[in-house]
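The values are calculated or read from the model by the stated rules, or taken from the named source; none is laboratory data. What you see is a predicted model, and the numbers here were worked out from it, not measured in a lab. FYI the Cβ positions are ideal-geometry reconstructions off the backbone, even for glycines, and counts take in every protein chain you see. Side chains are part of the model used for accessible areas, which takes the heavy atoms of the whole protein and leaves out ligands, DNA and RNA. Shrake-Rupley method; radii C 1.70, N 1.55, O 1.52, S 1.80 Å.
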Amino acid sequence: DTAVSQTPKYLVTQMGNDKSIKCEQNLGHDTMYWYKQDSKKFLKIMFSYNNKELIINETVPNRFSPKSPDKAHLNLHINSLELGDSAVYFCASSQSGRGPQHFGDGTRLSIL
Amino acid sequence: QKEVEQNSGPLSVPEGAIASLNCTYSDRGSQSFFWYRQYSGKSPELIMFIYSNGDKEDGRFTAQLNKASQYVSLLIRDSQPSDSATYLCAVNEKGSSNTGKLIFGQGTTLQVKP
């Protein structure tokens, strides 16, 4: 069973479109995260939710909006996609903020 | 700006040797330290985590932490070609024990040659 699963794995779309990425974890963790890994492989946190409450909101364009319907799910909606949004987006989860974080397989977003 | 520094490499070692990967961090208040392995095109995979000064061993892997020097390292004994990957060091930001905010280094690419 996949512990942290993301859909879709690949997303190819045009500039200006709106898209969503979904994440689900079956580890029973209470904290979930969104990371962005750019072309230089630098991994940077974007958002974090603990029990459906937003606890980390980094300096990210407000075109990015996370939503957590319950502690096992975390979605990311992106409006008006731009070329610079091309990257791999990883979802992760942990038990509290101190526990090790486990990553999903990533969503590779390409903007044409 | 809190930073985590790693030598990007590549670090090349022969099969069977010990690979030593190093990481320094700027936030003196950091309390949790993690090593992830990332194969090309794959997701980061947790290898080790360490919270206290000293060494922590798990199979062929040993994590070493020196908070006074703000230094954390990962040793891989009996390196195998399958260990060839990018190794990411991650450090929690001071005061983030509830939020889990991690600062990642840029990663060190390890090449183990048969």
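Checking the condition of a type outside the set (A, V, I, L, M), free of Cβ contacts under 8 Å to residues at least 12 places away in the same chain, touching a Lys or Arg at 6+ places or on another chain (Cβ under 8 Å) and under 25 Å from A:PHE103 (Cα atoms), which residue from B:GLU45, B:GLU57 passes? Can you show your working first?
Numbers: B:GLU57 fails: touching a Lys or Arg at 6+ places or on another chain (Cβ under 8 Å).
After applying the criteria, what remains is B:GLU45.
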Checklist line | Enumeration of residues in the stretch A:92-112 that are of a type in the set (Gly, Ala, Ser) and either over 16 Å from A:LYS9 (Cβ atoms) or in a strand (DSSP E or B) (or both) | finding: A:ALA92, A:SER93, A:SER94, A:SER96, A:GLY97, A:GLY99, A:SER110
Next item on the list: Being assigned to a strand (DSSP E or B) and either at pLDDT below 95 or open to solvent by 10 Å² or more (accessible area, probe 1.4 Å) (or both) narrows it down to one of B:LEU46, B:LEU110, so name that one.
Entry: B:LEU46
Notebook entry, point to check: Which residues, counting only those in the stretch A:50-63, are out of contact with any Phe, Trp or Tyr (no Cβ under 8 Å at 6 or more places or on another chain) and open to solvent by less than 60 Å² (accessible area, probe 1.4 Å)?
Noted result: A:ASN50, A:ARG63
Checklist line | Scope the stretch B:60-107; condition open to solvent by less than 10 Å² (accessible area, probe 1.4 Å), among the small types (Gly, Ala, Ser) and in contact (Cβ under 8 Å) with a residue 60 or more places away in the chain; matching residues | finding: B:SER79, B:ALA90, B:GLY105, B:GLY107
Item checked: Considering residues of the stretch B:3-21 that are out of contact with any Phe, Trp or Tyr (no Cβ under 7 Å at 6 or more places or on another chain) and outside any loop (DSSP other than H, G, I, E, B) only, the residue surrounded by the fewest Cβ atoms within 10 Å (Cβ to Cβ) -> B:PRO14
Checklist line | Evaluation of B:SER30 against (1) within 19 Å of A:GLN101 (Cα to Cα); (2) open to solvent by less than 10 Å² (accessible area, probe 1.4 Å); (3) touching a residue at least 40 places away in the same chain (Cβ under 8 Å); (4) assigned to a strand (DSSP E or B) (one fails), failing number | finding: (4)
